[in-house]
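Undergrad: One structure, pasted below without further comment.
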Amino acid sequence: QVQLVESGGGLVQAGGSLRLSCAASGIIFKINAMGWHRQAPGNQRELVTDITSGGTTRYAGSVKGRFTISRDNAKSTVYLQMNDLKPEDTAVYYCTVTTSLSTYWGQGTQVTVSS
């Protein structure tokens with residue numbers, strides 16, 4: 001059974017930092033990419049960032065320079081370091097894991113940034 005366990009969300013003031021983690025288990029196929037999406041109330045879910053097994057990254061323009069994704073392939077874990085957080089970063093953040101067969105989603109973790 002595939003499980004994605006997310007942690008690290010919470011409430012922070014604008015300008016602060018948070019670090020999200022997501023540990024994947026039960027995935028038997030090679031993981032091609034791991035990443036983070038987010039969904040704010042009234043908005044569509046959007047890609048924040050992802051990273052391939054080879055380390056290639058991409059970022060949404062709104063977070064470039066503030067957020068950093070990293071992964072530990074041996075632990076099947078992906079991290080999201082979020083710095084200089086803004087109120088518009090408030091959303092539920094979802095971890096994703098993509099294999100050759102499917103994309104798996106975590107349950108989501110709330111990030112709230114107060115002004």
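Undergrad: Keeping to region 86-106, report how many residues are modelled with pLDDT of 95 or more, outside any strand (DSSP E or B) and either over 19 Å from Gly15 (Cβ atoms) or among the hydroxyl-bearing types (Ser, Thr, Tyr) (or both).
TA: Total meeting the criteria: 2.
Undergrad: Another one. Cβ-Cβ under 9 Å, sequence separation 6+ or interchain: first residue in region 1-27 and at negative phi, partner in a loop (DSSP other than H, G, I, E, B) and acidic (Asp, Glu). Which pairs?
TA: Hits for this filter: Ala14/Asp84; Gly16/Asp84; Ser17/Asp84.
Undergrad: Among what's in region 73-113 and is among the small types (Gly, Ala, Ser) and open to solvent by less than 40 Å² (accessible area, probe 1.4 Å), pick the residue that is farthest from Ile28 (Cα to Cα).
TA: Here the answer is Ala91.
Undergrad: Among the candidates Leu4, Leu11, Leu47, which residue alone is of a type in the set (A, V, I, L, M, F, W, C) and closer than 18 Å to Ser114 by Cα?
TA: Step by step, each of Leu4, Leu11, Leu47 is checked, and only Leu11 is of a type in the set (A, V, I, L, M, F, W, C) and closer than 18 Å to Ser114 by Cα.
Undergrad: For residues that are touching a residue at least 12 places away in the same chain (Cβ under 8 Å) and in a loop (DSSP other than H, G, I, E, B), scanning just region 56-85, find the one that is nearest to Thr99 (Cα to Cα).
TA: Here the residue is Ser76.
The values are calculated or read from the model by the stated rules, or taken from the named source; none is laboratory data. Small disclaimer: the values here were computed from a predicted structure and weren't measured. Ideal geometry is used to build each Cβ from the backbone, glycine not excepted, and the neighbour counts take in all protein chains shown. Only protein heavy atoms, including side chains, enter the accessible area calculation; ligands, DNA and RNA are left aside. Shrake-Rupley method; radii C 1.70, N 1.55, O 1.52, S 1.80 Å.
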